[in-house]
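Working notes for the structure below.
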Amino acid sequence: MRTPEDQKATEHNNSREENDSVLKIRKELEDLKLKKKEEERRKREEKEQNERRLNEEEERQREKDELKRQQKAEEDLNKKQVEEARVSELERVEQQERQKKEEAKLRSVQQQKLEGSWRPIGVADPWSQQEYEKLKEQIRRHKIIEEAGLEHINVLLVGEPAAVKSSFFNSVESVFEGFVSSTAEAGTDEETMTKQFRMYEIDTVKFKYCDTTGVESTCGLTTSDFGKIMDGHIMDTADLSGSNLMLVPGAPGYNPRPTESDRMHCVAIVISAPVVSIMDPTMDDKLRARRQKQDTLFLSSF
């Protein structure tokens, strides 16, 4: 028979077992919660890792696409530059060929002479009025203009100050116009009368005479300046006076893009007969330098 102590002991054991069961259940619940949280954390981290990986892959793909785009743009640019260079080279070669043909044509035209001799031998009176008119008519009927495709033949007048270059033009114009001309300002001062680059036309023979300042021994236009004039860079009425003369692009009266019609086609060296014996010795060197320059441009002279 159970005693009260045994009863109490039994009840106590049962109560402790119940407590142990409750604790065990609680612990299991807490373990489940921890496992759930851990699972959720793990899933969240996996999701974040996947998102980062996707973002990284997308970024790498964008970088690849941008690199391809840049490479394609560079290739297109290189192709364009190569094509432009090729076209430019072709145009340059064509321009050189055209220039060579024009120069050859001009040289051929310049080498042509007027019909017959300018001073015929065997004629009873080579200076008769009849021969005079005949010679003028030959000059009027020349075909150099048509063959060269020009409006005028440009003749550059070169000489010392007071070498009567302007008077030379006035004389030529007087002959073909039939009256005494004073179009060009002329004089006999020791210093040059011409202060500007002037172009005078004689339409009856399609000649244009270009007058410059005189060739002086110590100052005046240099050989380089005359080269620019012969190349057609100097426009009519351009100022050629002053110690600070600058025949450069941008200067007043400078033609940066001359055409064949602007170039000089012939050079006339004018020397005053009364003073030829006392001409400054250095002038011969200067005139020879002008001649060498015109030879490089295939210009004839008289």
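Where a number appears in this text, it was derived from the coordinates with a stated rule and is not lab data. Everything numeric in this text was worked out from a predicted model, so none of it was measured. Cβ placement follows ideal geometry from the backbone for every residue including glycine, while neighbour counts extend to all protein chains displayed.
Spin-label model, Trp127/Ser108: points 7 Å from Cα along the beta carbon direction are separated by 3.9 nm.
Fewest neighbouring Cβ atoms within 10 Å first, the residues Val164, Val172 line up as Val172, Val164. Applying 1/(1 + (r/R0)^6) with R0 = 30 Å to the Cβ-Cβ distance of Gln138 and Gln95 gives a FRET efficiency near 0.25. Placing pseudo-labels 7 Å out from each Cα toward the beta carbon at Met235 and Arg62 gives an inter-label distance of 5.8 nm.
Summing charges over neighbours of Leu240, with a neighbour being any other residue whose Cβ is under 9 Å away from its Cβ, gives -1 when K and R count +1 and D and E count -1. Within the shell of other residues whose beta carbon sits under 14 angstrom from the beta carbon of Glu51, the net charge comes to -2, with Lys and Arg scored +1 and Asp and Glu -1.
Going through the cross-link list Lys101/Lys136; Lys80/Lys101; Lys136/Lys228; Lys136/Lys206, which pairs have a Cα-Cα distance over 21 Å in this structure? With Cα atoms farther than 21 Å apart: Lys101/Lys136; Lys80/Lys101; Lys136/Lys228. Straight-line cross-link reach from Lys105 at under 17 Å between alpha-carbon atoms covers these lysines, not counting any fewer than eight positions away in the same chain: Lys113, Lys143.
What FRET efficiency comes out for Arg257 versus Gln196 if R0 is 25 angstrom and r is the Cβ-Cβ distance? Round to the nearest 0.05. After rounding to 0.05, the efficiency reads 0.70. Cross-link partners for Lys79 among the lysines, with Cα-Cα distance under 28 Å and sequence neighbours closer than 8 places in the same chain left out: Lys64, Lys68.
Summing charges over neighbours of Glu38, with a neighbour being any other residue whose Cβ is under 11 Å away from its Cβ, gives +4 when K and R count +1 and D and E count -1.
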